[in-house]
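What follows is calculated from the coordinates using simple rules that are stated; it is not laboratory data. Bear in mind the structure is a predicted one, so any value in this text is a computation, not a measurement. Backbone-built Cβ (ideal geometry, glycine too); neighbour counts: all protein chains shown.
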Protein chains: 2
Amino acid sequence: MKEISIGLLGCGTVGTGVAKILIENKELIRSRVGAVLKLKYAADIDIKRDRGIRFDEGVLTDDAEKVLDDPEIDIIVEMIGGVGIAKDFILKAIRNGKHVVSANKALLAAYGNTLVKAAAEKRVDFAYEASVGGCMPIIKTLRESLAGNRIISMIGILNGTCNYILSKITDEGMSFEAALTQAQACGFAEADPTLDVEGFDTAHKLAILNALAYGMEINLKDIYIEGISEITHMDIELAGQFGYRIKLLAIGKNRGDRVEARVHPTMIPFDNLLSNVNANLNAVMVSGDAAGDMLLYGYGAGMMPTASAVVSDIVDIARNLLSGTTGRIPALAWQPEAIRKIPVMPVDEIFTYYYIRFSAEDRPGVLSKISGILGENEISIKSVHQKGRKIGGLVPIVMLTHRAKEANVKKALAEIAVLDIVGNKPVLIRIEDEDE
Amino acid sequence: MKEISIGLLGCGTVGTGVAKILIENKELIRSRVGAVLKLKYAADIDIKRDRGIRFDEGVLTDDAEKVLDDPEIDIIVEMIGGVGIAKDFILKAIRNGKHVVSANKALLAAYGNTLVKAAAEKRVDFAYEASVGGCMPIIKTLRESLAGNRIISMIGILNGTCNYILSKITDEGMSFEAALTQAQACGFAEADPTLDVEGFDTAHKLAILNALAYGMEINLKDIYIEGISEITHMDIELAGQFGYRIKLLAIGKNRGDRVEARVHPTMIPFDNLLSNVNANLNAVMVSGDAAGDMLLYGYGAGMMPTASAVVSDIVDIARNLLSGTTGRIPALAWQPEAIRKIPVMPVDEIFTYYYIRFSAEDRPGVLSKISGILGENEISIKSVHQKGRKIGGLVPIVMLTHRAKEANVKKALAEIAVLDIVGNKPVLIRIEDEDE
């Protein structure tokens, strides 16, 4: 029986999950792959902690360099995270001619282009299915299953923490703070939740997906990012009255010679499947010119779901090794020479639907003044609602717009904000609707 | 630039879709694959019909044998359908050393084991992603993405015709006949709808998925099959009152040394994503020991979505050819020597929840008699409802049970059916609930 030797770097939550699958499902994997995937090393700075699995003698080590230098190791699995030592280890693994699996979206978003190039030059495989959407095979779907499609758009819920918090606020009336605390208690949120709740983690993932879908370099810096920390209970409730739920969405759209790439809280209609994706689950709706709309749904994080995706990469590479091939599919889904620098559309240039909430004085002429400014800025109003009670002499007014240009909306809001009949900063939430 | 030559057999709806993608997205596919996928032949008995695409000179032919015998052809794409000539052509293609792509679920369900063996012996690839779930990559997901998982269960809506009809009855109050007629008018149902509405098509697909998931031979004959033609409006409405929607489900569950394999109308709770899969869409929820629940959703049929999946198979094989490898992944996902004959559990032995509707006389003692018989058969009642008006002196009584054994339920119903206080045959619908 053939054997593929695996060196795991980082044996934290997901790393332990990977070890668990390789050990506990060893026979099952062998029946599918036709070879033993042998976990030769699991390296971690802490080798004393009880991980609830029985490692064979000598597998646990605190010497990552030994793993990287072992000529028997075929595949290095980087489960350290972060953009520091993880990057160095991956580059060293590549230099040593080893294939690499990683789930490190922050690293990929920042240095993916470099890592992919390095791997291609050394003719080793570099796989990262678990970096986006946990167990959902979104990367394989874009690289393989939709290979005949021009991708039109991708809309995803890609951060379980945010989705958990928004679900709790929406369904149980919790405050943002209480929901965040509960997410932390359940292990769905980090002690410092900034990366998640401010949308950065979602943006990392969108940068990766856009590259795969549209044949562009990974580009994080041009993604428009807005998190969920300023979403209020009032807006979630009002959204519900209009038939919408608020989700933190990653939106990547093909706009011909440009792409839209944005992450922000978004209202989506109840009958959109994405609005039924709750708790800490993830989903992504991909639209292809042939396939039409397709959705993947599953656990986007967590020990075992993420490990499941990591193991799928290990299996892919093992199958390549057993077939005597590498580089069967380019790491970024497109042939290197076909990858272009496609510009990201500035958010001011997008057209979409908007929900705008003002606090304004409740007297004649106010509405005509506000709608006048919107009209001058070419924003057509779909409906106006006076919702809720007077607060400090002001009433909440909600307007839903037809499709409008973001720059115009912002300009109008700035003009309206300085009116003395209007209270504090207007609230602006984008709407993603079917006919958009 | 390298070239892979493709011979298409059958240029009907899906075949034309495949040709369309290969021609119209040729450059895009080249940018991904690094080779030209050249449609050398499209064979059909009718070469005069306008298919809305410009074939190069000589591509359209009515001579399938010429295509099969052409030594330049690398991949044969069988888009004929049925179990007759399609099978002969596939076997000849294999004998001639050509790789084969097919979307023919009826053929796979009936002769898949033979075809797979023949392909393995000749060391050619045999791919059939489009046979189940149209554009959804359910076969790739089982063969590759979940390779590290023990699959626990699969629950799918795999027939667009049935789902369309049930959605129309549920949401628009249509009769079964009217919904079927509309499905036929929209091209979602065949002139003879038996294969779809009686559940056979769904069973073909389940036979394929069970083999891939559980490492067993394709086994169609032991699947329990019940179609949707006897579902009444009344039961759909009552289901709604209990928080359920009725869907035709394919259910494949891992029961250790056996599998459950059944196709029948099933009640599922509103908050199950599958209950929100409407119109002609398909979805399948797969549960793996590591991944947890994962759902794929998309168009399960139709020209372009099915063609999208066919092209993904062509691309997979092209990538194998360019890498100089075949048989990289066994066609049935497991190494041939690992495939077992896992017995299918007789439906009488399953345990599930039941909805039972009787028509009974509205007088004292009736309920105690019925519930007495259920009790004697070890069926515990969760709730009893008298619903709706008296019809012919009888009132409808609905009972929801706790988990019960199918054989016991059937025995009890047979005993109840002969009581003179009870009208015509009781209605029995299985319920698939989260805690099952």
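Dividing the radius of gyration of the alpha carbons in the protein assembly as shown by their Kirkwood radius gives 0.98 for Rg/Rh. Taking 7 Å steps out from each Cα toward its Cβ at A:Glu3 and B:Arg258 produces label points 4.0 nm apart.
With θ taken as phi - 60° and the Karplus curve 6.51 cos²θ - 1.76 cosθ + 1.60 applied, the whole-hertz 3J(HN,Hα) list for the range B:114-127 is 5, 4, 4, 5, 4, 5, 4, 4, 8, 6, 10, 7, 9, 10 Hz, x standing for glycine and proline. Does a label point 7 Å from the Cα of B:Lys221, set along Cα-to-beta-carbon, have any residues of the range B:97-123 with amide nitrogen under 13 Å, and which are they? Within reach of a label on B:Lys221: B:110-111. Derived scalar couplings between HN and Hα for the range B:287-304 equal 10, x, 5, 9, 5, x, 7, 9, 10, 10, 9, x, 6, x, 8, x, 3, 6 Hz in order, rounded to whole Hz, by the Karplus curve 6.51 cos²θ - 1.76 cosθ + 1.60 (θ = phi - 60°), x for Gly and Pro.
If you build a Gaussian network model of chain A, linking Cα atoms that sit under 10 Å apart, which residue out of A:Ser323, A:Ser275, A:Ser359 swings the most? Judging by the Gaussian network model, the answer is A:Ser323. Two numbers describe the Cα atoms of the range B:211-347: Rg and Dmax, which are 18.3, 59 Å. Counting only DSSP H runs of at least 4 residues, each contributing -39500 (n - 2.57), and dividing by the residue count of chain A, the helix-based mean residue ellipticity at 222 nm comes to -10500 deg cm²/dmol.
Could you grab the relative contact order for the range A:1-52? Cα pairs under 8 Å, six or more apart, rounded to a whole percent. Let's see the in-between values first.
Working: 61 pairs, mean separation 27.2, N = 52.
Result for the range A:1-52 is 52 percent.
Mean sequence separation of contacting Cα pairs (under 8 Å, at least six apart), scaled by the length of the range B:110-257, corresponds to a relative contact order of 30 percent. Straight-line cross-link reach from A:Lys369 at under 22 Å between alpha-carbon atoms covers these lysines, not counting any fewer than eight positions away in the same chain: A:Lys382, A:Lys387, A:Lys390, A:Lys405, A:Lys410, A:Lys411, A:Lys425. Take every Cα pair under 8 Å whose residues are at least 6 apart in sequence, average their separation, divide by the length of chain A, and the relative contact order is 16 percent. Cross-link reach is defined here as a Cα-Cα straight distance under 12 Å, omitting same-chain residues fewer than 8 places apart; for B:Lys105 the aspartates and glutamates meeting it are B:Glu78, B:Glu129, B:Asp201.
What is the range A:138-299 by shape, rounded, prolate or oblate, if you read a ≥ b ≥ c off the alpha carbon gyration tensor as root eigenvalues and call it rounded for a/c under 1.5, prolate for a/b larger than b/c, and oblate otherwise? It is prolate, given that a/c is not under 1.5 and a/b is the larger ratio.
Extent along the principal axes, Cα only, for the range A:348-431: 36, 21, 19 Å, with the longest axis given first. Short to long, the 20 Å bins of the Cα pair-distance histogram for chain A hold 25, 50, 20, 4, 0 percent of all pairs. Could you tell me what a quarter of the Cα convex hull surface of the range B:153-240 works out to, in nm² with one decimal place? So the mean shadow area of the Cα hull is 6.4 nm².
When Rg is the radius of gyration of the Cα atoms in the range A:89-221 and Rh is its Kirkwood radius, what does Rg/Rh come to? Could you put the intermediate results ahead of the total?
Details: Rg = 17.0 Å, Rh = 16.3 Å.
When Rh is taken as the Kirkwood radius, the ratio is 1.04.
Springs between Cα atoms under 10 Å define the GNM used for chain B, and in it the highest mean-square fluctuation of B:Met154, B:Met79, B:Met399 occurs at B:Met399. Derived scalar couplings between HN and Hα for the range A:16-25 equal 5, x, 5, 4, 4, 5, 4, 7, 6, 9 Hz in order, rounded to whole Hz, by the Karplus curve 6.51 cos²θ - 1.76 cosθ + 1.60 (θ = phi - 60°), x for Gly and Pro. In this calculation the C-beta distance from A:Lys26 to A:Asn96 is compared with R0 = 22 Å, giving a FRET efficiency of 0.30. Relative intensity of the range A:1-84 on a log10 scale, I(q)/I(0) at q = 0.17, 0.21 Å⁻¹, equals -0.65, -0.98, per a Debye sum over C-alpha point scatterers of equal strength in the absence of solvent. Cross-link check: pairs A:Lys205/B:Lys122; B:Lys247/B:Lys341; A:Lys122/B:Lys122; A:Lys26/A:Lys253 evaluated at a Cα-Cα cut-off of 31 Å; pairs beyond the cut-off: A:Lys205/B:Lys122; A:Lys122/B:Lys122; A:Lys26/A:Lys253. Each Lys and Arg Cβ is given +1 and each Asp and Glu Cβ -1; about its Cα centre, chain B then shows a dipole of about 520 debye.
Springs join every pair of Cα atoms under 10 Å in this Gaussian network model of chain A, and among A:Lys48, A:Lys20, A:Lys253 the largest mean-square fluctuation is at A:Lys48. Peptide packing: for B:413-426, B:207-220, B:377-390, the average count of neighbouring Cβ atoms within 10 Å per residue gives the ranking B:207-220, B:413-426, B:377-390, highest mean first.
Could you work out how much longer the chain between A:Glu190 and A:Ile152 gets when fully extended? Use 0.36 nm per residue separation minus the Cα distance between them, nm to one decimal.
Numbers: separation 38, 0.36 × 38 = 13.68 nm, distance 3.37 nm.
Net length gain for the segment: 10.3 nm.
Subtracting the Cα-Cα distance from 0.36 nm times the residue separation, let me have the gained length for A:Glu57 to A:Ile391 in nm, one decimal.
Details: separation 334, 0.36 × 334 = 120.24 nm, distance 6.81 nm.
So the extension gain works out to 113.4 nm.
Spacing of the modelled spin labels on A:Gln335 and B:Asp420, each 7 Å from Cα toward Cβ, amounts to 8.4 nm.
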